[in-house]
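Here is the structure we will look at.
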Amino acid sequence: MSLIAHLNVNPTRMELTRLKKQLSTASRGYKLLKDKQDELMRQFILLIRKNNVLRKEVEAALHQSMQDFVLANASIDERFIEELFVLPAEKITLDMVEKNIMSVKVPSMSFDYDERLGEAPLDYGYLNSNEQLDRAIDRFTEVLPKLLELTEIEKTCQLLSGEIEKTRRRVNALEYMTIPQLEETIYSIQMKLEENERAEVTRLIKVKNMGSTT
């Protein structure tokens, strides 16, 4: 006995034709959604791999920068460091536009700054500085593009993950509920129509036999 409940419809040929069209549409929709889910997963896995590599690079660079900064902070007057970072040395402009990945809108980020920022991130005299502070500032500046790229990738992964889950639920609903229900209902109507046809044939034979005996 089937565990799938068929739809509550009248067992007519018109309903059978309508349900067959619905099944054909649902089957096409299932294939399209399954293809979309597979492509989203492929894109997601590629981004996750890239994200893992980039995150390790960024974390290593930030860790080294913080180590140098801690050493610099121990040997330089703290007030000088506070004054050094209290105002930005350069204006940085962040631009963000949307791009489309399998109908999912994800961010594409880019920032613009004076190229001289990489050569001299902050304007300060060498008398108040030391090697650790110079190296820390250089590393913080160098890691900015990778940090921005990491932010973009992680946000994209988050959005793709949500779309993958939504698509998965729709695929499962079609595969395990909608399509089986339609197939079960179509089968049930076909069985009912065949049963009615056999009953009609039997009735006609009986009527013919009764006519021949009179």
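The values are calculated or read from the model by the stated rules, or taken from the named source; none is laboratory data. Quick caveat: nothing in here was measured; it's all calculated off a predicted structure. We place every Cβ from the backbone using ideal geometry, glycine too, and count neighbours over all the protein chains shown.
For region 163-177, enumerate the residues that are modelled with pLDDT of 95 or more and of a type outside the set (Asp, Glu).
If the condition is that a residue be modelled with pLDDT of 95 or more and of a type outside the set (Asp, Glu), then Ile164, Lys166, Thr167, Arg168, Arg169, Arg170, Val171, Asn172, Ala173, Leu174 are the ones that fit.
For region 139-185, enumerate the residues that are crowded, with 17+ Cβ neighbours inside 10 Å and either more than 30 Å from the chain's Cα centre (by Cα) or not in a helix (DSSP H, G or I) (or both).
The answer is Arg139, Phe140, Thr141, Glu183, Thr185.
From the list Val53, Val58, which one is modelled with pLDDT under 95, hydrophobic (A, V, I, L, M, F, W, C), within 30 Å of Lys105 (Cβ to Cβ) and assigned to a helix (DSSP H, G or I)?
From the options Val53, Val58, the qualifying one is Val58.
Can you confirm whether Glu194 is acidic (Asp, Glu), at pLDDT below 90 and within 20 Å of Lys20 (Cα to Cα)?
Taking the combined requirement at face value, the residue satisfies it.
Being of a type in the set (D, E, K, R) and buried (at least 16 other Cβ atoms within 10 Å of the Cβ) is true for just one of Lys50, Lys36. Which residue is that?
Lys36
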